[in-house]
Amino acid sequence: MARFEKEPKEFEEKVVRVNRVSKKTKGGNKIGFSVLVVVGDKKGRVGVGLGKSPEVQSAIKKGVSYAKKHLITVPMVEKTIPHEVLLKRGAARIFLKPASPGTGVIAGGAVRAVVEAAGIHDILSKVLGTSNQASNVYATLEALKSLRPRQVAKMVEVAVKEEVKVEKEEPKKEKPVEEKKPVKKVKEPKTKVSRTLKVKEEKLKKETKPKKAAKETKAKK
């Protein structure tokens, strides 16, 4: 008997979340499903899709077809990412860091699904924001999209370091020395008290003069 061998799939599909949605209508409740699917070829290409349908299988198919149309390529270096990334998307915050060979995928459910579908085998990650799986999946996809190849990343680092050096080496502009202007002495305004004191001093001088003259005449005699 001839054996039917399954053809290897180009893309691997993984269902992250299935939501049951009910809608109130005139005839009764209309029940449907929304499915979040991650698709990847484990060679650097990955995509995410959301499918909605009254049946789960048809919702999965819709999500897979959308994900295949919106694939992204992830730059990798020896089955890890070229540099670390911290990305915020809405309430989700994702931190991804490259790891040495043999470390494995250290990630939660939502992040693990995207990373494994992309074909990354060694990575460190941390979910710093919300625990919503859909938000974390989309944030992880954005983080992987923002990655740059190692050569480009090094060029950016060098350019940033050079800018910092130029800013440090720039001599500070010396402020021109301002010439000190001579300070004008302000005459104190004459007050009533000072006037009365002067008048008293003049009276005392007038009184003392005739006494001195009388003493001098007596001494001559």
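Note on Lys200 and Asn132: their simple-model spin labels are 8.9 nm apart, each label 7 Å out from Cα toward Cβ. Of the whole protein surface, Thr73 contributes about 100 Å² of accessible area at a 1.4 Å probe radius. In this structure, the pairs whose alpha-carbon distance is over 23 Å, taken from Lys42/Lys97; Lys79/Lys145; Lys30/Lys52; Lys62/Lys126, are Lys62/Lys126. Relative to the Cα centre, the charge distribution of region 1-82, modelled as +1 at Lys and Arg Cβ and -1 at Asp and Glu Cβ, gives a dipole magnitude of about 560 debye.
Extension gain, His70-Val56: 0.36 nm per intervening residue step, less the Cα-Cα distance, totals 2.9 nm. Report the far tail of the P(r) of region 45-102, meaning the percent of Cα-Cα pairs longer than 15 Å. Roughly 66 percent, once rounded to a whole number. To the nearest 10, the accessible area of Arg17 is 80 Å² with a 1.4 Å probe. Need one word for region 24-151: rounded, prolate or oblate. Basis is the Cα gyration tensor (sqrt eigenvalues a ≥ b ≥ c); a/c below 1.5 gives rounded, then a/b vs b/c decides. Prolate, because a/c is 1.5 or more and a/b exceeds b/c.
Taking label points 7 Å from Cα along the Cα-to-Cβ direction, Val21 and Lys42 give a separation of 3.2 nm. Scaled against the 2.2 N^0.38 Å expected of a compact globular protein of N residues, the Cα radius of gyration of region 15-86 reads 1.48. For the pair Ala91 and Glu142, the difference between a 0.36 nm per residue extended length and the Cα-Cα distance amounts to 17.0 nm.
With contacts taken as Cα pairs under 8 Å and at least 6 residues apart, region 1-145 reaches a relative contact order of 21 percent.
The values are calculated or read from the model by the stated rules, or taken from the named source; none is laboratory data. Computed from a prediction, not measured in an experiment: that's the story for all the values here. Virtual Cβ from ideal backbone geometry, glycine too; neighbours counted across all protein chains shown. All accessible areas refer to the heavy atoms of the entire protein, side chains included, with ligands and DNA or RNA removed. Shrake-Rupley method; radii C 1.70, N 1.55, O 1.52, S 1.80 Å.
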